[in-house]
Amino acid sequence: MRIVSGIQPTGNLHLGNYLGAIRNWVRMQDDIESHGGQCLFFLADLHAISMPHDPAQLTASTLEMVAALVACGVDPDRSILFNQAQVPAHAELQWLLTGTARMGWLNRMTQFKDKAGKHREGASIALFTYPVLQAADVLLYQATHVPVGEDQKQHLELARDIAQKFNNDFVPGYADENSEVPGVFTLPDPIIPPDAARIMSLRNGSAKMSKSDPSEMSRIDLIDDADTIMKKIKKAKTDPEPLPSEEKGLEGRAEAQNLVGIYAAMSETTVAGVLAEFGGEGFGKFKPALGELLVEKLSPINARFVELKQDRESLDAILAKGALKARELARPTLAAAYDALGLVRG
Ligand code: TYM
């Protein structure tokens, strides 16, 4: 098993990132020793330049994100934790894969459409080719499993399509019937948590919780203090009805469904279990309970984060150590990709 995943170091780590992806990173890291595999987790800083950004802010956010991930339980002694900018093979492999990826495939990416919006002509080339870099990120390490939230599923399907086409086109015998010839690239499987695949905004139950939402009230950041968490949950949009006793009763009530889902994911029970406890109660009772649960679970993370982020030297050292290992692991696959394409490297 080779587990690979990334996060953009823009803004703060929020509850959607945590429940959708990072908590699974930590679980997989903790389980993997018994499977004899390896975990690589990285900061997608090269992805972050696809949108307008402030360089000084990107540097600061990259280091803060390392502190946040370690505070969540990513262990730099057991997992390889690094940033893309220190491993040039990501950008190199991306270029090699742009010969295989098709315009039509990228044109179908919903995230590009969402982020470019009406200003398609003014969007950066990087925003359009972003999913090819994401494919390079996982294919470079022969990832078998990629823990992500639902919104990344389409990008991972594209990574599989690119890997498949590259192997078919450039590995002699790979595409033959019953072939046992290994490809240059492994086809990765996404790991999406069924209970927290898509955490929604606290202000709008039909928009996902996101770092780029201009309203801070729309998300819980993992670095929010107890008062801020309680305030955000109390102000979260809801409807006037009490909570139902059955899951069916949440249909058409996106905000209620989201809050109950967060409670279930955070307390590691099911939605049915939460409704068995709170069915018939109004939000006046449910919201304080949810706020308290979040404060209880997030405050140890918050405390570790505050301590770790002061120590710039340690954060730099974590990234340097991770990059060294990642560069080593990337080398054979990158070389195999150059060779398969017939590129002479001397
Ligand atoms: P990013 O930085 O937007 O998000 C990091 C992870 O958090 C998940 N996530 C969510 N899950 C549930 N509910 C939400 N509201 C929510 N918001 C975010 C994302 O699905 C993701 O798993 N392109 C990626 C970063 C990336 C990457 C990769 C991931 C670059 N290369 C290779 C995996 C493999 C991104 O922008 O994630």
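Quick check: anything in the range 159-179 within 11 Å of the ligand (Cβ to nearest atom) and in contact with a strand residue (DSSP E or B) (Cβ under 6 Å, 6 or more places away or on another chain)? Let's see the steps before the verdict.
We begin by selecting, within the range 159-179, every residue within 11 Å of the ligand (Cβ to nearest atom); these are 159.
Next, from what is left, pick out any that are in contact with a strand residue (DSSP E or B) (Cβ under 6 Å, 6 or more places away or on another chain): none.
Scanning the range 159-179 turns up no residue that is within 11 Å of the ligand (Cβ to nearest atom) and in contact with a strand residue (DSSP E or B) (Cβ under 6 Å, 6 or more places away or on another chain).
Taking only the range 107-138 into account, find how many residues are surrounded by fewer than 18 Cβ atoms within 10 Å (Cβ to Cβ), within 13 Å of the ligand (Cβ to nearest atom) and polar (S, T, N, Q).
2
When you scan the range 171-179, do you find a residue that is assigned by TED's automatic domain parsing to the domain that holds Val70 and under 20 Å from Thr98 (Cβ atoms), even just one? Spell out the reasoning first.
From the range 171-179, those assigned by TED's automatic domain parsing to the domain that holds Val70 are 171-179; that's our starting set.
With under 20 Å from Thr98 (Cβ atoms) added as a condition, the list becomes 171.
Within the range 171-179, one or more residues are assigned by TED's automatic domain parsing to the domain that holds Val70 and under 20 Å from Thr98 (Cβ atoms).
Which ones in the range 275-313 are closer than 22 Å to Ser5 by Cα and hydroxyl-bearing (Ser, Thr, Tyr)?
The answer is none; no residue qualifies.
Looking at (1) in contact with a His (Cβ under 8 Å, 6 or more places away or on another chain); (2) farther than 24 Å from Val132 by Cα; (3) surrounded by fewer than 20 Cβ atoms within 10 Å (Cβ to Cβ), find the lone condition where Gly37 falls short.
Condition (1) is where Gly37 drops out.
Could you list, in sequence order, all residues of the range 152-165 that are crowded, with 18+ Cβ neighbours inside 10 Å and in contact with a helix residue (DSSP H, G or I) (Cβ under 7 Å, 6 or more places away or on another chain)?
Answer for the range 152-165, where residues must be crowded, with 18+ Cβ neighbours inside 10 Å and in contact with a helix residue (DSSP H, G or I) (Cβ under 7 Å, 6 or more places away or on another chain): His155, Leu158, Ala159, Ile162, Ala163.
Could you check Gly252 against (1) in a helix (DSSP H, G or I); (2) loosely packed, with under 14 Cβ neighbours inside 10 Å; (3) of a type outside the set (A, V, I, L, M) and say which number it fails?
Condition (1) is where Gly252 drops out.
Give me the residue from the range 180-231 that is more than 14 Å from the ligand (Cβ to nearest atom), without any contact (Cβ under 8 Å) to a residue 40 or more places away in the chain and outside any loop (DSSP other than H, G, I, E, B) and, out of that set, nearest to Thr333 (Cα to Cα).
Within the range 180-231, the match that is nearest to Thr333 (Cα to Cα) is Glu216.
Would you mind listing the helices (runs of 4 or more DSSP H) fully within the range 103-160 where at least 2 residues are without any contact (Cβ under 8 Å) to a residue 40 or more places away in the chain and closer than 27 Å to Leu334 by Cβ? I'd like the intermediate steps shown before the answer.
Values: elements: 103-107, 110-116, 125-139.
Fully inside the range 103-160 and qualifying: 103-107, 125-139.
Away from the ligand (no atom under 13 Å from the Cβ) and assigned to a helix (DSSP H, G or I) - does that describe any residue in the range 87-94?
Quick first cut of the range 87-94, residues away from the ligand (no atom under 13 Å from the Cβ) only: 88-89, 92.
Narrowing the set further to residues that are assigned to a helix (DSSP H, G or I) leaves 89, 92.
Taking every residue of the range 87-94 in turn, at least one turns out to be away from the ligand (no atom under 13 Å from the Cβ) and assigned to a helix (DSSP H, G or I).
The values are calculated or read from the model by the stated rules, or taken from the named source; none is laboratory data. Every value quoted in this text rests on a predicted model; they were computed, and no experiment measured them. All Cβ positions, glycine included, derive from the backbone under ideal geometry; neighbour counts span all protein chains shown.
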